[in-house]
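Novice: Dropping a structure here in structure tokens format, bear with me for questions.
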Amino acid sequence: MAIEKTLSIIKPDAVERNLQESFIQRFKKEGFKILAKKEALLTKEEAQDFYIEHKGKVFYESLVNYMTSGPVVLMVLERENAILKNREVMGATNPKDAAPGTLRKEYAVSLEKNSVHGSDSPASAAREVEFFFPELVKCC
Ligand code: CMP
């Protein structure tokens with residue numbers, strides 16, 4: 001299986017509860033390398049752009065407000081089959097549907113405040129890693 005990179009965001013509800021180390025330890029235990037990590041307070045423009053695929057949906061404005069309501073931790077994770085594996089470790093988007101032992105089952109507050117984001121496909125991983133870590137994307 002191919003080595004992949006994926007973007008992970010520890011969202012404001014989790015950072016507010018100081019859960020970043022628990023999340024990072026879990027990713028490491030699952031075999032991910034943390035290739036890059038930074039804390040950031042997203043601007044409205046960044047959040048709007050990042051979630052552009054959801055523009056026009058009923059939850060878009062609220063999502064943008066939430067994602068800019070406090071600091072987030074942005075990370076590039078790497079391992080074999082990273083995109084799918086990360087989604088397994090996170091669990092379903094809605095914590096009500098998340099499997100036992102997943103991060104969202106354990107920590108998420110609601111569908112919106114679901115504690116963690118992960119890229120959902122190779123195309124979105126490429127876009128999202130470049131969005132926050134352009135320096136990691138090889139040129140030429
Ligand atoms: P995320 O994986 O970051 O992708 C889009 C986010 O929108 C999602 O997690 C949730 O935080 C948020 N969201 C809020 N309402 C919905 C909804 N009805 N369906 C999907 N995502 C939602």
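The values are calculated or read from the model by the stated rules, or taken from the named source; none is laboratory data. Since the model is a prediction, treat every value here as computed from it, not as a measurement. Counting neighbours? That spans all protein chains shown, and the Cβs are built from the backbone with ideal geometry, glycine included. Side chains included, ligands, DNA and RNA excluded: accessible areas come from the protein's heavy atoms. Shrake-Rupley method; radii C 1.70, N 1.55, O 1.52, S 1.80 Å.
Novice: Just the number, please: Stokes-Einstein D of segment 57-133 in µm²/s, Kirkwood Rh from C-alpha pairs, 10 °C, 1.306 mPa s. Please report the intermediate quantities before stating the final value.
Specialist: Values: Rh = 13.4 Å.
Once the numbers are plugged in, D ends up at 118 µm²/s.
Novice: Ignoring any ligand, DNA or RNA, what whole percent of the accessible area of the chain comes from carbon and sulfur when the probe is 1.4 angstrom?
Specialist: On the way: 4010 of 7580 Å².
Carbon and sulfur: 53 percent of the exposed surface of the chain.
Novice: Sticking with this one: With +1 on each Lys and Arg Cβ and -1 on each Asp and Glu Cβ, how big is the dipole of the chain about its Cα centre, in debye rounded to the nearest 20?
Specialist: Details: 21 positive and 21 negative charges, 72 e Å.
Computed about the Cα centre, the dipole is about 340 debye.
Novice: Right, another one. I need the calculated FRET efficiency for the pair residue 110 and residue 43, taking r as the beta carbon distance and R₀ as 22 Å, to the nearest 0.05.
Specialist: On the way: r = 24 Å, r/R0 = 1.07.
Given R0 = 22 Å and the Cβ-Cβ separation, E is 0.40.
Novice: A further question on this structure: On full extension of the chain, what length is gained from residue 59 through residue 120, given 0.36 nm per residue of separation minus the C-alpha to C-alpha distance? Write out the running numbers ahead of the final one.
Specialist: Values: separation 61, 0.36 × 61 = 21.96 nm, distance 1.84 nm.
This chain segment gains 20.1 nm when fully extended.
Novice: Sticking with this structure for a sec: Per residue of the chain, what 222 nm ellipticity follows from adding -39500 (n - 2.57) for every DSSP H run with n ≥ 4, rounded to the nearest 500?
Specialist: Computed ellipticity for the chain at 222 nm equals -10500 deg cm²/dmol.
Novice: Suppose each label sits 7 Å from its Cα in the direction of the beta carbon; what would the residue 99-residue 28 distance come out to in nanometres?
Specialist: Calculated label separation equals 2.5 nm.
Novice: Which loop-located trypsin sites (Lys or Arg not before Pro) does segment 36-83 contain, where loop means any DSSP state but H, G, I, E or B and the Cβ has at most 15 other Cβ atoms within 10 Å? Walk me through the numbers on the way to the answer.
Specialist: Details: sites: 37, 38, 44, 55, 57, 79; in loops: 55, 57.
Listed in order of number, the matching sites are 55, 57.
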